[in-house]
1. For region 233-286, give me the residue count where each residue is in contact with a Ser or Thr (Cβ under 9 Å, 6 or more places away or on another chain), at pLDDT below 85 and either over 30 Å from Pro155 (Cβ atoms) or of a type in the set (D, E, K, R) (or both).
2. Hey, among the residues in region 99-156 that are open to solvent by 50 Å² or more (accessible area, probe 1.4 Å) and among the acidic types (Asp, Glu), which one's modelled with the highest pLDDT?
3. Which of the following residues is surrounded by 17 or more Cβ atoms within 10 Å (Cβ to Cβ) and modelled with pLDDT of 90 or more: Gly198, Gly183?
Amino acid sequence: MIQTENISVSADSARAIDSTAQAPREVYTSQYPAGFARLKGNDSVVARTDTLAVMREPAGRDAMWHSNSLLGSSGVMAMLLLAILAVVVSYRSGYKYVHNMWHNIFSVKMRDFEDHTLDETWILVTLVLNSCVVQGVFLFCAVTRDAALYAHTNPRLFLYVGLLSAVALVYYLCQLGLYRLLGYVFGTPEQTESVLNGFKAITSLVGLLLLPEVMVMLTFPHTTETMLIVGAISYLCARVVFIIKGFRIFYYNLLSSVYFILYLCAVEIVPPIIVWVISMNVCFVF
């Protein structure tokens, strides 16, 4: 019985295989053998392309000229950072001069023992050079407030800042020689030395006072006007302190007050104006 059923199942399977082999295969042909026709409106997302908005003027604006900045000038920043680094390195061995700076600024009396060592001379040199560099950057920011002049000086920022720093150094040396001459004519050697020490200390202090304003102007150029005003006030206050010290040293009688007025005009008023004119010419001519 079981054997008969197996024979019938095998016969049915054989007939099914034979019918599948003998059935014709269905062939599928492409409806678009040459590809889709290039018809307007054939896009399934946009029905009609002629109804789309056309941008007649390109969005955006023309390329603008971007000027360099003092903060992006490697030469200016290297000069400024080297001046600061020199002060920091020399402070360890010449800190006594910094401690005595207030005495040199305010006191009209000489110390009993004036022992200027080589280390103190070195830190004085670095402080003066730092002051000249900082004043050069400050002068450049003040002179180039005009946009046209800034565009003229922009390609060579390091050159102009270096020239203005040299102007500040020459101004310092000229003032140093002039104060020595005034002390030789109107005072004693001790008074001359006191005036010179005060002038060197004031020059060093001016560099330290203007350094924060310069750093703020370099980092945030939109604060230039405010920082220039703050720096000018700091400079004037420092000069007033030095003028008061000079008056205390050289004032004897009414005639000396007349000399003092001439001193103000010849040393404290006219030279800064000359420096400003020279700075303007430096930035215009070169």
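1. Total meeting the criteria: 4.
2. Asp119
3. On the way: Gly183 fails: modelled with pLDDT of 90 or more.
Of Gly198, Gly183, the one residue that is surrounded by 17 or more Cβ atoms within 10 Å (Cβ to Cβ) and modelled with pLDDT of 90 or more is Gly198.
The values are calculated or read from the model by the stated rules, or taken from the named source; none is laboratory data. From a predicted model like this one, the values you see are computed outputs, not experimental measurements. All Cβ positions, even for glycine, are placed from backbone atoms using ideal geometry, and neighbour counts span all protein chains on display. Calculation scope for accessible area: heavy atoms of the full protein, side chains included, ligands and nucleic acids excluded. Shrake-Rupley method; radii C 1.70, N 1.55, O 1.52, S 1.80 Å.
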